[in-house]
Amino acid sequence: MSYVTGLRCRVCGQAYPAEPLAVCEECFGPLEVAYDYDAIGRAMSKDRIGERQPTMWRYRELLPLDGEPRVGRDAGFTPLRPAPRLGRALGIERLYIKDDSLCRPTLSFKDRVVAVSISKALEFGFEVVGCASTGNLANAVAAQAAQAGVTAYIFIPANLERAKVTGTRIYGARVIGVRGTYDDVNRLCSEVADRHRWALVNVNLRPYYAEGSKTFAFEIAEQLGWQSPDAIIVPMAGGALLTKIHKGLKELERLGWLPAVRTRMYGAQAAGCNPIVAAVKEGRTHIVPVKPDTIAKSIAIGNPADGPFAARTIVETGGWAEQATDEEILQGINLLAETEGVFTETAGGTTVAVTKKLIEQGHIRPDDLTVISITGHGLKTAEVCRVDEVPSINARLSEFEEILEAEEATGVVASTPSVHPDAYGRSVSSEL
Ligand SMILES: *Cc1c(COP(=O)(O)O)cnc(C)c1O
Ligand SMILES: [Zn+2]
């Protein structure tokens, strides 16, 4: 049973029935899902949620499905880990990471949005699904289309990381590499969606797709004992995740499950693709598109669909936005791995590097309850990571002892982190 009352234009407020629609016919604004919160409040309580299975579906009253999920049944409910060693390195006391590098089935938060949108596509009767993707969405759509046994057409920029292409093709999906940027891919997909009756999850099913992101926020609140943090740092591609995390927190407030939400939303982008960061810094909400040039390909969207909404959410919540160079992104990946044992992809490196800057700038204070959003696994972008050469020896103790002696002599010991946490202290901040 669903509590959806319909779709609503996010710009002019026009109401629509809950159909496979994404754009307002009056003003071309994007549509979003509307719910009857009073009915949800009567039907559900946060205590009852606590008794349910540890997946994103424990919040199903706040998701737009009529029936049971058909795919992605084990998605979500990823760890919220205290990150004391990273916190010490960055100079804050109460730091957590929300770790969607462990989301099922494909190790990124995109499993959440796809679980909702493909399940909804099946409810609508679509027999072919697909997406325009920067990589993680491709993985998630391919895997979950395989779970449902439906055909998937997946459009990606032709220069994507090898592991992301393999991690899509392996499920039997049709993958089309488009020579161009994500924005070219997306434009092509809009034309494809007009021509074929396919559910392109982030194009013609976008309102349903975006709802899945709210579960990231629901989990953070529940895992903190039904509190909202002071600050959340979120990597931004199209800007939907940041916007929907805040929508999710406000929904819990509205249900009376959270006290007044004062969470400040902070956005992270790569310097090589920073249209939302630039808007925030220049005090505007309209987006000036850029041509992406960064190793953080999963968040390289030059003309972000939810950019204006993300910029507004950041400003209205008292947050801020920052960017990280490719060098800083790589250092961010290493820092998280070496302090917390979490290997994230380039988007996560961006988020860690940006968090460091926001703390240095005083936007995030040492005692703020702070959550860093880690949205994808590092093995997916391992090709850009920097690690030291690995010595190769014969299986003789004497050869190993030689290596140890050499390392002791030079002061480089095998277990010494390549990026020592102290190197990230506030006193030497200019290095990052
Ligand atoms: C897609 C993606 C994001 C951001 O998603 P948007 O909702 O488009 O802003 C962040 N991190 C990773 C790893 C992603 O794949
Ligand atoms: Zn409208």
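For D66, D388, D100, which order do you get if you count the other beta carbons within 10 Å of each Cβ and list the fewest first?
Lowest count first: D388, D66, D100.
Using the charge dipole of the range 239-335 (Lys, Arg: +1 at Cβ; Asp, Glu: -1 at Cβ; taken about the Cα centre), state which of H246, T313, P259 has its Cα farthest towards the positive end.
P259
Once phi is turned into ³J(HN,Hα) by the Karplus curve 6.51 cos²θ - 1.76 cosθ + 1.60 with θ = phi - 60°, what whole-Hz value does each residue of the range 4-10 show in order, with x for glycine and proline?
In residue order, the calculated couplings are 6, 9, x, 10, 9, 6, 6 Hz.
First select every other residue whose beta carbon is under 11 angstrom from the beta carbon of K291; then total the charges, Lys and Arg +1, Asp and Glu -1. Provide the component values of the computation, followed by the final result.
On the way: positive: none; negative: D183, D184, D293.
Neighbourhood net charge equals -3.
Under the definition of Cα pairs under 8 Å and six or more residues apart, what whole-number percent is the relative contact order of the range 102-250?
Taking the mean separation of contacting Cα pairs over the length of the range 102-250, I get 24 percent.
Using θ = phi - 60° and the Karplus relation 6.51 cos²θ - 1.76 cosθ + 1.60, list the HN-Hα couplings for the range 208-220 in order, rounded to whole Hz, with x at every Gly or Pro.
Per-residue couplings from phi come out as 6, 3, 5, 4, x, 5, 4, 5, 4, 6, 4, 5, 4 Hz.
Can you tell me the length gained on complete extension of the stretch Q147 to Q14, counting 0.36 nm per residue apart and subtracting the Cα distance?
Between Q147 and Q14, full extension yields 44.3 nm more.
According to a simple spin-label model (label point 7 Å from Cα along Cα-to-Cβ), what is the distance in nm between R254 and H196?
3.6 nm
When the dipole is taken about the Cα centre of the chain, and only Lys, Arg (+1) and Asp, Glu (-1) are charged at their Cβ, what size is it in debye, to the nearest 20?
My answer is approximately 1320 debye.
Please sort 207-213, 288-294 by packing, taking for each peptide the average over its residues of neighbouring beta carbons within 10 angstrom, highest first.
Values: 207-213: 27.1, 288-294: 15.9.
Highest mean packing first, the order is 207-213, 288-294.
Which value in nm describes the separation of the simple spin-label points at R85 and Q361, placed 7 Å from the Cα toward the beta carbon?
Taking the simple label geometry, R85 and Q361 are separated by 2.9 nm.
Using amide H atoms built 1.01 Å from N in the peptide plane, name the residues 5+ places from G6, or on other chains, whose amide H lies under 5 Å from its own.
Those lying under 5 Å, H to H, from G6 are A34.
Calculate the FRET efficiency for E399 and E327 from the Cβ-Cβ distance with a Förster distance of 30 Å, rounded to the nearest 0.05.
0.30
How high is the relative contact order of the range 179-338? Use alpha-carbon pairs under 8 Å, at least six apart in sequence, and give a whole percent.
Relative contact order of the range 179-338: 23 percent.
Roughly speaking, what is the stretch gain from S392 to H286, that is 0.36 nm per residue apart minus the C-alpha to C-alpha distance, in nm to one decimal?
Value of the extension gain: 32.8 nm.
Compute the distance in nm between two label points, each set 7 Å from the Cα along the Cα-to-Cβ direction, one at F28 and one at M1.
With each label placed 7 Å out from Cα toward Cβ, I get 4.2 nm.
Need the C-alpha centroid separation for the range 1-29 versus the range 194-248, integer Å.
Cα centroid of the range 1-29 versus Cα centroid of the range 194-248: 17 Å apart.
Determine the relative contact order of the chain: mean sequence separation of Cα pairs under 8 Å and six or more apart, normalised by residue count, in whole percent.
Dividing the mean separation by the residue count of the chain yields 15 percent.
Gain in length, R187 to T410, computed as 0.36 nm per residue apart minus the alpha-carbon separation, to one decimal in nm?
74.8 nm
For the chain, what is the percent of antiparallel DSSP beta bridges, rounded to the nearest 5? Working shown, then result.
Numbers: 14 of 44 bridges.
So the antiparallel bridges amount to about 30 percent of the total.
Which order do the peptides 146-159, 336-349, 367-380 come out in when sorted by mean C-beta neighbours inside 10 angstrom, highest first? Write out the running numbers ahead of the final one.
On the way: 146-159: 17.9, 336-349: 25.4, 367-380: 23.7.
Highest-to-lowest ranking by the protection proxy: 336-349, 367-380, 146-159.
Going down the list K120/K281; K120/K357; K46/K98; K46/K281; K244/K297, which pairs span over 28 Å between their C-alpha atoms? If you can, show how the numbers build up before the last one.
Details: K120/K281 37 Å; K120/K357 39 Å; K46/K98 20 Å; K46/K281 38 Å; K244/K297 21 Å.
Table pairs above 28 Å Cα-Cα are K120/K281; K120/K357; K46/K281.
Here, each number is a calculation from the coordinates, and none is a lab measurement. Treat the numbers as computed from the prediction; the structure is a model and nothing was measured. So basically every Cβ, Gly included, is an ideal-geometry build from the backbone, and we count neighbours across all protein chains shown.
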